[in-house]
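K.L.:
Encoded as structure tokens, here's the structure I'll be asking about.
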Amino acid sequence: MVKKGQFFVDRWEPPIAAAMNDGKGLASSSGDYWVEQRRFALHTLRNLGVSRNIMEERIMEEFHLRFDNIKSDDVICAQDTFDLFTANVINRILYSYGFDEKNQERYFDLRKRMDEGNKNFSFIDACIPDVLLKIPYFKKRSEELMKPFNEVKDFLREQIVERMEAIESGKHEVDSEPNDFVDAFIVEMKRLEDNNQKSSFDLETLVADVLDLFIAGQDTTSNTLAWTVCFLMNAPDVIAKLREEVRSVTGGNRDLSQADKPNTPYLNAVINESQRLANIVPLNLFRKASEDVEVGGVVIRKGQVATALIGNIMCDEKYFKDAARFNPERYLLGEKLEAQTLPFSLGKRACLGESLARAELYLILGNLTQRYTLEVADSMPVAESENLNAFIRRPTPYNIRLVEIE
Ligand code: HEM
């Protein structure tokens, strides 16, 4: 499939989810519409600082906000902490604000319902064909499953409409270099309209793009962080080695920065191994063949659905001996296992947020372990997924205490 990637650029969405974005946005769309939106999103994320120091500053600002005031006897829900962290990083990119004491409750309420949705949405639901969705039982199930995501969409739309009205009335000024994704999109939409240019830029597309970035930009990274901390707590020798490496690079008196990456091979190995074992999107997202194409002796007809199972690739015993074991050292043996470690998938359709996610994982995990010991709060976290059938693997919730190292 990789060698014939040009025939698998179009997206297929399970009918149950298709109505939500109606083929719009970044993750559900295909064809010229998708090319235009993906190019715009990548360009805008770059302008807003992703892949540059500006994003590192924002991530570290959020890190300090989240962790500086934690006391050693505070019991913290790991998943909630990482959820709020990643939500704030992406929300600042989209709307220029983060969730704080004033609006945190609204966020956690939405989060809880999205988690329920993710937990209940299984591979079987993805296989329900269009015709069955008209039958009352499946219709009801589909409405229940999609309800939390539609609520999130309404929440995001409300803020977009408010922003448009504020721009219209002069209450909100857009800088020549927009400060967030929503402003950048509105500026581009207006420019194209003024030039009478036909394009994919409209309100529904903006809402769908923001929904994709808001959802894809959170769970994925926060689940990976929660899995990694869970693996680390079960492997104290790995934490000790990791901390020693990070402290030797920073001298223990400054934050770790992405510029340090070439000097932290062990941390890089821990992240690779955690992403491999966490395997958070095992089925990948689905693609659709644009022509009849033969893969491994099987002909996939035009329009048929295909996916490269990331989960299988990352636990192939041919490359990863004793694949179920957390063993970062395997990446340090010169076997170039990074090439088989594909949490973000591959090709033109690969994850759009890879740079941002990599920056968050590196900075949080490096700085967290350099500064704190990770202590068991009630019981040792168990490295098991909350729901074996879910599309996104989320670890069973656990609490920790973070004790600052003097
Ligand atoms: C550890 C974190 C993450 C992982 C493991 C991950 C993984 C993935 C995977 C496997 C896909 C499907 C690619 C394919 O179809 O081949 C994907 C798509 C996508 N991801 Fe991520 N992702 C992560 C973080 C993020 C972040 C932070 C963002 C937002 C900034 C993001 C935005 C997207 C979008 C918009 C798509 C759809 C791209 C398209 O269809 O063109 N992801 N991601």
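K.L.:
How high is the relative contact order of segment 1-160? Use alpha-carbon pairs under 8 Å, at least six apart in sequence, and give a whole percent.
P.N.:
27 percent
K.L.:
Right, something else. With θ taken as phi - 60° and the coefficients 6.51, -1.76 and 1.60, list the Karplus ³J(HN,Hα) couplings across segment 371-385 in order, rounded to whole Hz; mark glycine and proline as x.
P.N.:
Each residue's phi maps through the Karplus curve to give 9, 10, 8, 9, 9, 5, 8, 10, 9, 4, x, 9, 7, 10, 6 Hz.
K.L.:
Let me ask something else about it. Could you tell me the largest-minus-smallest coordinate of the C-alpha atoms of segment 117-249 on each of the three principal axes, in descending order and whole angstroms?
P.N.:
In descending order, the Cα extents are 62, 53, 25 Å.
K.L.:
Can I ask one more? Relative contact order of segment 297-406, please, whole-number percent, based on alpha carbon pairs below 8 angstrom and at least 6 residues apart.
P.N.:
17 percent
K.L.:
Please report the projected area of the chain's Cα convex hull averaged over all directions, in nm².
P.N.:
Values: hull surface 87.9 nm².
Computing the convex hull of the Cα atoms and averaging its projections yields 22.0 nm².
K.L.:
Work from the charge dipole of the chain (Cβ charges, +1 for Lys and Arg, -1 for Asp and Glu, about the Cα centre) and give the residue of Gly303, Met20, Gly334 farthest towards its positive end.
P.N.:
Gly303
K.L.:
Would you kindly find the accessible area of Glu386, with a 1.4 Å probe and non-protein molecules such as ligands, DNA and RNA excluded, rounding to the nearest 10 Å²?
P.N.:
Only protein atoms counted, so the area is about 70 Å².
K.L.:
Next question. Given the C-alpha centroids of segment 1-61 and segment 335-386, what is the distance between them in whole angstrom?
P.N.:
20 Å
K.L.:
Right, another one. Between Asp255 and Met380, what's the calculated FRET efficiency when r is the beta-carbon distance and R0 is 35 Å? Round to 0.05.
P.N.:
For R0 = 35 Å, the calculated efficiency reads 0.75.
K.L.:
Restricting things to alpha carbons, tell me how big segment 62-182 is in terms of Rg and Dmax, in Å.
P.N.:
When restricted to Cα atoms, segment 62-182 yields Rg and Dmax of 18.7, 56 Å.
K.L.:
Then there is this: Using modelled backbone amide H atoms (1.01 Å from N, in-plane), which distant-in-sequence or interchain residues come within less than 5 Å of Val9's amide H?
P.N.:
Amide H to amide H, under 5 Å and 5 or more residues apart or across chains, Val9 pairs with Ser290.
K.L.:
Whose amide H sits under 5 Å from the amide H of Val295, counting only residues 5 or more places off or on another chain, with H placed in the peptide plane?
P.N.:
Answer set, sorted by chain and number: Ile300.
K.L.:
Here is a follow-up. Convert each backbone phi in segment 298-312 into a coupling constant with the Karplus relation 6.51 cos²θ - 1.76 cosθ + 1.60 (shift: θ = phi - 60°), then list the ³J(HN,Hα) values in order as whole Hz, x for Gly and Pro.
P.N.:
3J(HN,Hα) across segment 298-312, in whole Hz: 10, 8, 9, 6, 3, x, 6, 8, 9, 8, 9, 6, 4, x, 5.
K.L.:
I'd like the distance between the alpha-carbon centres of segment 188-232 and segment 280-328, rounded to an integer number of Å.
P.N.:
Taking the Cα centre of segment 280-328 as reference, the centre of segment 188-232 is 25 Å away.
K.L.:
Two decimals, Cα atoms only, Kirkwood Rh: what is Rg/Rh over segment 171-271?
P.N.:
Details: Rg = 21.5 Å, Rh = 17.7 Å.
The Rg/Rh ratio comes out at 1.21.
K.L.:
Would you mind checking segment 390-406 for residues with the amide N under 16 Å from a putative spin-label position 7 Å along Cα→C-beta of Lys112?
P.N.:
Counting only backbone N, you get 397.
K.L.:
Pull up all non-local amide H partners of Arg394: gap of 5 or more, or a different chain, and H-to-H distance under 5 Å with H placed in the peptide plane.
P.N.:
Glu386, Asn387
K.L.:
Additional query: For Asn120 and Ile70, what is the calculated FRET efficiency with R₀ set at 25 Å and r taken between the beta-carbons, to the nearest 0.05? Show your work: numbers first, answer last.
P.N.:
Numbers: r = 32 Å, r/R0 = 1.29.
Calculated transfer efficiency: 0.20.
K.L.:
Using the Karplus equation 6.51 cos²θ - 1.76 cosθ + 1.60 (θ = phi - 60°), what ³J(HN,Hα) coupling, rounded to whole Hz, does each residue of segment 280-297 give in order, writing x for Gly and Pro?
P.N.:
Per residue, the Karplus-derived 3J(HN,Hα) values read 6, 10, x, 8, 6, 9, 7, 10, 10, 5, 8, 8, 5, 8, 9, 10, x, x Hz.
The values are calculated or read from the model by the stated rules, or taken from the named source; none is laboratory data. Everything numeric in this text was worked out from a predicted model, so none of it was measured. Please note: Cβ atoms are built from the backbone with ideal geometry, for glycine as well, and neighbour counts cover all protein chains shown. Please note that ligands, DNA and RNA were not included when accessible areas were found on the heavy atoms of the full protein model with its side chains. Shrake-Rupley method; radii C 1.70, N 1.55, O 1.52, S 1.80 Å.
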